[in-house]
Each structure stands twice: as C-alpha cells, then as structure tokens.
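Report on the structure given below.
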Amino acid sequence: MEVLELNEDADKIREVFAYISRFKGTTFVIKIDSGLMDHDYFPILVKDLALLRENGINIVIIPGSRRQIDKILQTYKIKSQYDRNIRISSSEAIPFIKMAAFDVCNKIMTQLSAYHANAVIGNWVRARSIGVIDGVDYLNTGRVSRVDVTAIRNILAEGHIPIFPCIGWSSTGKPFNISSDELAVELGKALNSRKIFFVENRDILRSGDLTIPESVHPMDNGRISKLNVAAAEELLTQNPNSPLPIIKMAVEAARAGVERVHIVDGSVEGVILREIFSNLGVGTMVFANEYESIRPMVDADTSAVLGLMNPLIERGLLIPRSRKDLSKRVKDYIVYSMDDVVHGCAALHPFENNQGEIAGLAVNSAYAELGIGQKMVTYLIEKGREAGYTQLFVLTTQSSDWFLKMGFITGTLNDLPPSKRENYNKKRNSRILLFPL
C-alpha cells in the first residue's frame, strides 16, 4: 500500500512539473466572484495566484463587485435596479459603484503584497453605453469596447499583476459600470489568454436537475468535468430555463480562441492549483480545441503504456506484454492522451480471413468515469471498417458484460481465424466475443 501511494505521489509531482513547463510565459485571466472576498479561503486563493506568478505564469485578475456595490448603495440609501440580471447604473449611483469596485481591487492588491507579488490597478478598459433595449434605459451601465493591450502586456512583462475594476471609461472620460464576466471574456480574447477561470462562490455545474445530452458524461458524483463547445451549446439548448450564464460566457470565449475556460468553486481550498495541475481537474472545463485525442502509439509511449497495463496484468486481466512486444507491434496500438499525458491504450491486431483482434485495452483507473475505454473501442471498430475487416473479436476473462453492452456478441472457438484458434490458451479459457462489421 505504501509503495502504491508513493508511486501515485510521484506521478502527481511529474504531472505538476509538466504543466508548469507548459504554461510558463502564458497568460491566465482570473475572474473572482464577489461572494468570495470574505471567505475563509480567499487569502489562500490569492496566495496561490501569487505562486503562479512567481513560477512564470502571467496573471490577470478581475474581481466581481456586485455584493460590495449592493452593500454600499444600501448604506447610502440608493436604490439598485436590475433588468435581465444587469444593474441599471444611475448618475447618482455611479460614484459609489466606482468606490466599491476600487475598494475590492485594493483588497486584492493588499493581499498580493503580503505574498511579495506586485499588482497594479488601472483604467485600461474603454467602454460604451448599453443604451436602451426594449424600452429599458441602462443609463451608466456599459459594455467593453476596447482594452489597451499594449499597456497590459508591458505591465505583465514587468512581472506585475494587473487588476481590473468593473469600470470602463469612454473616450471623454465618462465612467460606465461593466460586467466583470464580460470583461474577463474580452480580456481573454484580447490577450490571447491560454486560460480563463471563473472562480465562483458555489459549485456551478452538476447533473442534478439538468437534462444531460448523450454527448456529456457526468462523473459518478454528478460533476460535469468537461464540455466541448458543441456539448456546452447542446446543454444550454436542452436546459433553456436553467440559469447557466457562465456556460454561455465560456462558449463565447472558447469560440474566440481561448483554449480552456474553467469554472470552479472558489470555496474549495486550493481550487485553482487543483484545477490546473490535474488532467481531471475539480471543476468544469469548456474547450474548443482538441483536449482529448486518440492517436497512434509511438515508441516514446512505451513506458506509459506498460504503466497502464502492468496493474491489469498482475490481476490476470491482461496477458503479459514486454517492452519488446509493444515495440514489435507498435503500429497496431493507439493511445488516449489528455494534454500529452497517456491515460489509455488499446490495439487492433490484424489476422487472416479479414478479421482483427481488439486487445491490450487499459485505462488509468482515475479516469475510468470519462468513458475512455468505450471511445477507444469505438475508434478501433471504425478503423476495422476502414481496413475492410468483416469481423472483429476480443478475448476476455472478466469484461464480457462490458463488451456485450457495446454490441459484441458471444462467439465460439470456431469463429476465430485459424492462427488465433491454434494459439488459443485453453488454460486461460477466455470468453470469445465478436463484432461483425
């Protein structure tokens, strides 16, 4: 047990180093929900952001200010009005909105200084009035029209962390109250950010009462760990009455070229680090590019593939394979990689009579909930069709129910190609399953 735990710790450490190397010099945009400012874990969140900056990742922070604005307006007996969940900012309210927004920024800057991280608060955002929509005048509430990318990049190059209040200014210096969520998306797009984080004050996306599309695979605890853009849009379409505005923002950012948009629960200790330095993460990730991919195995994958297979070999679920065995038949194998880390493998071995064997199927147990095995087998079935096979087969001792559920049927020894029939291990007595093509 101790050896297993040490091996798992070593794997985690390697994963962290791999991610640090990959993200060094890139930019992360972090939007923090206003409800987190007084949370017990808020100082830890800020400390983690300072740690990322110290390790070469550019950090841009947009603090939400809704709660603080509501509080200060209530103190001065100024009524808050909303339409479509957007604050209508009156001329009377705008000075107090600015006060609250900058107070929140100052709080974050003070926290960062405690961890020796330099931060700057600035007016790098140009805004324009929302105007009148369906008869509703939004007064001094605006939308982002432009960000000063050059100034921001210079600040980042100096090692500072820019902090953005939810205020934008017109070309004549008029202030507008803008959405922090919208600002995060616009900054992510303008800065070619590698990631945008929406750090919320609650667990935002679990299956719960949602209608879940077939393309979405929640984990056993109900968490939806990842969505490509198409799946996210399908989720929104099938749940029109559910408040999922952050998902809409994530889709917009991903469509505009931001590689990953992460939605995480900031009330979880260390949530940013847990989400970044783990392929599986702890929140929900929306992505536009190919996060998960099935590709041909190469010789450099051999150690990772053996690492996946060995636990199954020890349990008798797979027949033993050596490094030489894998190298000899490397062209038959595929791997399932997530951000260049191999978490699954399988093979399609050719046989006479236009038959092929699916073999060597192994998946990292920590990622089994993601349906990786099914995706690889489906891929190999399509690959078999393309190769002109008339039938695929698999030999299994303990996974027959799983294959039967995928559409395989029970076969006999006589259904195997002659060379496989001759080498069939009667002592192992594997069940024979077929998939006609």
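The values are calculated or read from the model by the stated rules, or taken from the named source; none is laboratory data. It should be emphasised that the depicted structure is a prediction, and the values quoted were computed from it without experimental measurement. Cβ sites come from the backbone with ideal geometry, for glycine too, and all protein chains shown count toward neighbours.
Data table
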read-out: Residue list for the range 8-64, filter: hydroxyl-bearing (S, T, Y) and either touching a Cys at 6+ places or on another chain (Cβ under 6 Å) or touching a residue at least 12 places away in the same chain (Cβ under 8 Å) (or both); value: Y19, T26, T27, S34, Y41
read-out: Residue list for the range 399-437, filter: more than 32 Å from the chain's Cα centre (by Cα), assigned to a loop (DSSP other than H, G, I, E, B) and surrounded by 12 or more Cβ atoms within 10 Å (Cβ to Cβ); value: F408, G411, L416, P417, Y424, S430, L437
read-out: Boolean, E269 is in the same structural domain as A232 (by TED's automatic domain parsing), touching a residue at least 24 places away in the same chain (Cβ under 8 Å) and not in a helix (DSSP H, G or I); value: yes
read-out: Strands (runs of 3 or more DSSP E) wholly inside the range 1-109 that include at least 1 residues being in the same structural domain as I152 (by TED's automatic domain parsing) and surrounded by 20 or more Cβ atoms within 10 Å (Cβ to Cβ); value: 27-32, 58-63, 86-88
read-out: V286 being touching an Asp or Glu at 6+ places or on another chain (Cβ under 6 Å), hydrophobic (A, V, I, L, M, F, W, C) and crowded, with 20+ Cβ neighbours inside 10 Å; value: no
read-out: The one condition in (1) in contact (Cβ under 8 Å) with a residue 12 or more places away in the chain; (2) over 18 Å from A253 (Cα atoms); (3) of a type outside the set (S, T, Y) that A157 fails to fulfil; value: (1)
read-out: Considering residues of the range 125-138 that are in a loop (DSSP other than H, G, I, E, B) and in contact with a strand residue (DSSP E or B) (Cβ under 6 Å, 6 or more places away or on another chain) only, the residue nearest to F164 (Cα to Cα); value: I130
read-out: R146 being free of Cβ contacts under 8 Å to residues at least 24 places away in the same chain, surrounded by 14 or more Cβ atoms within 10 Å (Cβ to Cβ) and not hydroxyl-bearing (S, T, Y); value: yes
read-out: Filter pass, I167 being surrounded by 20 or more Cβ atoms within 10 Å (Cβ to Cβ), of a type in the set (V, I, T), farther than 26 Å from G56 by Cβ and in the same structural domain as R84 (by TED's automatic domain parsing); value: yes
read-out: Extreme residue, modelled with the lowest pLDDT, among residues of the range 235-256 that are assigned to a loop (DSSP other than H, G, I, E, B) and not hydroxyl-bearing (S, T, Y); value: P243
read-out: Candidates L318, L280, L326, L308, filtered to the one that is in contact with a helix residue (DSSP H, G or I) (Cβ under 7 Å, 6 or more places away or on another chain) and either at pLDDT 95 or above or assigned to a helix (DSSP H, G or I) (or both); value: L326
read-out: Q374 modelled with pLDDT under 95, over 25 Å from A300 (Cα atoms) and either outside the structural domain of D220 (by TED's automatic domain parsing) or part of a helix (DSSP H, G or I) (or both); value: no
read-out: Residue within the range 335-358 that is assigned to a helix (DSSP H, G or I) and over 27 Å from the mean Cα position of the chain (by Cα) present; value: no
read-out: Counted residues, the range 313-340 - those being aliphatic (A, V, I, L, M) and surrounded by fewer than 17 Cβ atoms within 10 Å (Cβ to Cβ); value: 4
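Yes/no matrix, rows are residues, columns are (1) surrounded by fewer than 22 Cβ atoms within 10 Å (Cβ to Cβ); (2) on the phi > 0 side of the Ramachandran plot; (3) aliphatic (A, V, I, L, M):
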| position | (1), (2), (3) |
| --- | --- |
| F176 | no, no, no |
| L187 | no, no, yes |
| A232 | no, no, yes |
| K248 | yes, no, no |
